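Student: Right, I'll just put the structure down here and ask away after.
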Amino acid sequence: MNMKLIGSIAKALLLARWKQTMVAAIGVTFSITMFIALLSFMAGLNDLLDGLLLNRTAHVRLYNEIQPSKDQPVNRSAIYKNDYNFIHSVKPAAARLQIYNSGAILQALKKDNRVLGIAPKIITPVFFNDMNIHVAAVINGIDVKSESKLFYFNDYITEGVSGDLEKIPNSIVLGKGLANQLSAAVGDRVQVSNISGEIFQLKVTGLFQTGVQELDKTQSYASIVTVQKIMGQPNTFITDIQVKLKNVKEAPAIAKEYAALFEIEAVDIQTANSQFETGSFIRTLISYAVGIVLLVVAGFGIYNILNMMIYEKMDTIAILKATGFSGRDVQNIFLAIATSIGVLGGALGLLLGFGLSAIIDQIPFSTASLPTIKTYPINYNPLFYIIGAVFSLVTTFLAGWFPSRKASKIDPVIIIRGK
Amino acid sequence: MNEIILEAKEISKSFNDPVKVKVLSDITMAIAKGEFVALTGKSGCGKSTLLYILSTMDTDYEGELLIDTISMVRKKEAALARVRNEKIGFVFQFHYLLEEFSVLKNVMLPGLKLARLSEKEVEHDAMEKLKILGIDKLAMKKANQLSGGEKQRVAIARALINNPDIIMGDEPTGNLDKKNSDNVFDLFKKLSEEFKQTLLIVTHDQSFADRMHRIIEMEDGRIIN
């Protein structure tokens, strides 16, 4: 009841002190702007840094590890069953790196509806020969389509076209550092020798840059077929299966499940890269803390201005109470003042915060290590705007609550008789 | 005797700071509808204190207060505010107009708070009251553009807006010069005679008091006449 009347009185008091009101609102605006810009920027940075590694990492990686058999013949023998058997320097037998029965595993993974996509891979060490120089490096045999779709392979190609790997036989994409060492450019031919010393001619169709120098100096990509040819292996030969899941949080459980099901080594992304999540979490925490501190300071500003307003408007409060406004009405008037400062300042802050984020988004930011990034990263998550709006309302309401309670308790008799 | 509008039964009040001083003792009085009453006495005799108790703004007293035959004792703050809004009009020594609002809006405020009538009707009533007091031309002016006498008349119009059972005045002419004082007093008289308005006015000006229907004289916290 009477909300319209209370609103109109609050509005009149606000406008009568519009300069103070502006200062209070600007305080809220500033803090919300910074809150939004800070969080958007931090989240953008987190995404970028996580993406640097996590985008290119399989959620679950299946592979075969060469290791000595744990089950030695002497342990199986019934004769020595009750003895201690010491065996030194156990060496792995000539085991294969290949994933056994890879076709069946791929079929099974494709049917699993927790899986977003799979990319088979062959990893093999080779030598690049340039005249007398031999550079040790690794060739990754990949399925270009699924590699691009799941691990953003295209993003890292700085020269050439990734699709050429599939179209042009015996082609290769070199890391930029590796290409420099070999002084090879797109279109050139490079010589590769496999472990057995056989030499192959490959055509350079592109260069890539990941941002991690060590990778760029030692990695190269070719199609699976090309690598199988280099290794002299049949077309079922693959050494890794990279699995990307729909929900990355399930990775540890699924990795265990696959390890048991396929009798294979399986490592999940969380185990492989645990330090990344910690970093992201701390950065987010710091930005929230700074944002909240800014809002609290703005809240104190509102508190001060309302307190001052109440001292100035003692007469008004007294006559309102004398003519029939209850303490509750008076409190509502001042709460309305506080929350309208919050709503106005907050709304403007959200807009300016969006604007500031958009500006940061345009600032050039190029670094050799991040070839795909041209400007500072910004994450326009609507959640930040919702949090900002809620916080601005809550802080201004609290900042208004205490002064308005004081106003409601003012005894009109003391004011009127004091004149 | 006419219908009783305001009745005090053995009202006492003491201040406890720094020692206990009794400012009102066993005040018993009644005001009937249509009466024009002056409450007089020397400075410090407790007449203003009594008025604020009768007005329901001061609730720290012993005894019983009846307005329109309803007891005001132990009523909640919000309920008392409602009583003041509906049944009592105030005119103080100082005008207490809200400078942010126009004269018309100042007069309308208690009516809008009561919300018995629509905004349009309250506005119409307010204009009527301003006409009665001869200041309808000032309706659209801001409160701080008025002279002292005009302000006090606007305050009277504000007191009238909800057609209260009783108008209470605390030295309403105390801040005004002779001419304006007479003016305000004549308005009270007009309200009393033409509109049968009940008025209770605290004043120390004997010449005014003498021209009213009834004088209640106080001394040292007691009614002596």
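The values are calculated or read from the model by the stated rules, or taken from the named source; none is laboratory data. Computed from a predicted structure; not experimentally measured. Every residue, glycine as well, gets a Cβ built from its backbone with ideal geometry; the counts of neighbours run over all protein chains shown.
Student: If a residue must be free of Cβ contacts under 8 Å to residues at least 40 places away in the same chain and either buried (at least 20 other Cβ atoms within 10 Å of the Cβ) or more than 26 Å from the chain's Cα centre (by Cα) (or both), how many such residues does region A:205-224 contain?
Tutor: 0
Student: Taking the stated definitions as given, is A:R56 modelled with pLDDT of 85 or more, of a type outside the set (D, E), surrounded by 12 or more Cβ atoms within 10 Å (Cβ to Cβ) and outside any helix (DSSP H, G or I)?
Tutor: Considered against the rule, which asks whether it is modelled with pLDDT of 85 or more, of a type outside the set (D, E), surrounded by 12 or more Cβ atoms within 10 Å (Cβ to Cβ) and outside any helix (DSSP H, G or I), A:R56 comes out as no.
Student: Also: Collect the residues in region B:175-204 that are under 18 Å from A:R417 (Cα atoms) and more than 14 Å from the chain's Cα centre (by Cα), keeping them in residue-number order.
Tutor: Hits for region B:175-204 are B:N175, B:L176, B:H204.
Student: For region A:190-245, which positions are aliphatic (A, V, I, L, M) and within 16 Å of A:E166 (Cα to Cα)?
Tutor: Hits for region A:190-245 are A:L202, A:V204, A:L207, A:A222, A:I224, A:V225, A:V227, A:I230.
This table checks each residue for (1) away from chain A (no Cβ under 11 Å); (2) touching a strand residue (DSSP E or B) at 6+ places or on another chain (Cβ under 7 Å); (3) at pLDDT below 90.
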position	(1), (2), (3)
B:S43	yes, no, yes
B:Y61	yes, yes, yes
B:E77	no, no, yes
B:R116	yes, no, yes
B:M140	yes, yes, yes
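Student: Looking only at region A:207-247, count how many residues are closer than 17 Å to A:I172 by Cβ, in contact with a Ser or Thr (Cβ under 8 Å, 6 or more places away or on another chain), in a helix (DSSP H, G or I) and of a type outside the set (A, V, I, L, M).
Tutor: Matching residues across region A:207-247 total 2.
Student: Do we have A:A347 as more than 14 Å from chain B (Cβ to nearest Cβ), farther than 30 Å from B:K113 by Cα and buried (at least 20 other Cβ atoms within 10 Å of the Cβ) here?
Tutor: When the stated conditions are applied, A:A347 does not pass them.
Student: If you don't mind, another one. Quick one: which strands (runs of 3 or more DSSP E) lie wholly within region B:30-141 and hold at least 1 residues that are among the charged types (D, E, K, R)?
Tutor: Of the strands (runs of 3 or more DSSP E) lying wholly inside region B:30-141, those with at least 1 residues that are among the charged types (D, E, K, R) span B:62-67.
Student: Which residues, taken from region A:5-59, are in contact with a Leu (Cβ under 7 Å, 6 or more places away or on another chain) and within 14 Å of chain B (Cβ to nearest Cβ)?
Tutor: Scanning region A:5-59 gives A:L5, A:T21.
Student: Go over the candidates A:Q98, A:Q181 one by one and state the one that is more than 30 Å from A:K249 (Cα to Cα), touching a residue at least 24 places away in the same chain (Cβ under 8 Å) and crowded, with 16+ Cβ neighbours inside 10 Å.
Tutor: A:Q181
Student: Here's something else I'd like to know. Hey, could you check region A:390-413 for residues that are free of Cβ contacts under 8 Å to residues at least 12 places away in the same chain and within 14 Å of another protein chain (Cβ to nearest Cβ) and say which is surrounded by the most Cβ atoms within 10 Å (Cβ to Cβ)?
Tutor: A:V413
Student: Just one of the numbered conditions (1) modelled with pLDDT under 80; (2) assigned to a helix (DSSP H, G or I); (3) of a type in the set (A, V, I, L, M, F, W, C) is not true of A:I66; which one?
Tutor: (2)
Student: Please state which one of A:I286, A:I302, A:I292, A:I317 is buried (at least 20 other Cβ atoms within 10 Å of the Cβ), away from chain B (no Cβ under 14 Å) and in a helix (DSSP H, G or I).
Tutor: Of the residues listed, the single one that is buried (at least 20 other Cβ atoms within 10 Å of the Cβ), away from chain B (no Cβ under 14 Å) and in a helix (DSSP H, G or I) is A:I302.
Student: Right, another one. Looking at region A:48-76, I want the residues that are in contact (Cβ under 8 Å) with a residue 60 or more places away in the chain and have a partner that is charged (D, E, K, R) and not in a loop (DSSP other than H, G, I, E, B) with Cβ atoms under 6 Å, at least 6 apart or on another chain. Which pairs are those?
Tutor: A:H59/A:K244; A:V60/A:D268; A:Y63/A:D240; A:Y63/A:E265; A:E65/A:E265
Student: What do you reckon, is A:I378 at pLDDT below 85, more than 14 Å from chain B (Cβ to nearest Cβ) and assigned to a loop (DSSP other than H, G, I, E, B)?
Tutor: Against the criterion (at pLDDT below 85, more than 14 Å from chain B (Cβ to nearest Cβ) and assigned to a loop (DSSP other than H, G, I, E, B)), A:I378 does not qualify.
Student: For residues that are touching a strand residue (DSSP E or B) at 6+ places or on another chain (Cβ under 7 Å) and facing another protein chain (nearest Cβ under 7 Å), tally how many sit in region B:90-108.
Tutor: Qualifying residue count, region B:90-108: 3.
Student: Residue check, A:I172 against (1) within 22 Å of A:Q228 (Cα to Cα); (2) among the β-branched types (V, I, T); (3) touching a Pro at 6+ places or on another chain (Cβ under 6 Å), all met but one. Which one?
Tutor: Just one mismatch for A:I172, condition (3).
Student: Could you tell me whether region B:143-151 includes any residue that is at pLDDT 85 or above, surrounded by fewer than 18 Cβ atoms within 10 Å (Cβ to Cβ) and within 22 Å of B:E194 (Cα to Cα)?
Tutor: No - not one qualifying residue is present in region B:143-151.
Student: Taking only region B:167-193 into account, find how many residues are more than 14 Å from every other protein chain (Cβ to nearest Cβ), under 18 Å from B:G34 (Cα atoms) and either assigned to a strand (DSSP E or B) or at pLDDT below 85 (or both).
Tutor: Going through region B:167-193 one residue at a time, the tally reaches 0.
Student: Check off (1) under 19 Å from the mean Cα position of the chain (by Cα); (2) in contact (Cβ under 8 Å) with a residue 40 or more places away in the chain for A:K374 and give me the number that stays unchecked.
Tutor: Failed condition: (2).
Student: Still on this structure, I have one more. Would you mind finding the one in A:V227, A:V248, A:V267 that is buried (at least 22 other Cβ atoms within 10 Å of the Cβ), out of contact with any Phe, Trp or Tyr (no Cβ under 6 Å at 6 or more places or on another chain) and touching a residue at least 60 places away in the same chain (Cβ under 8 Å)?
Tutor: A:V227
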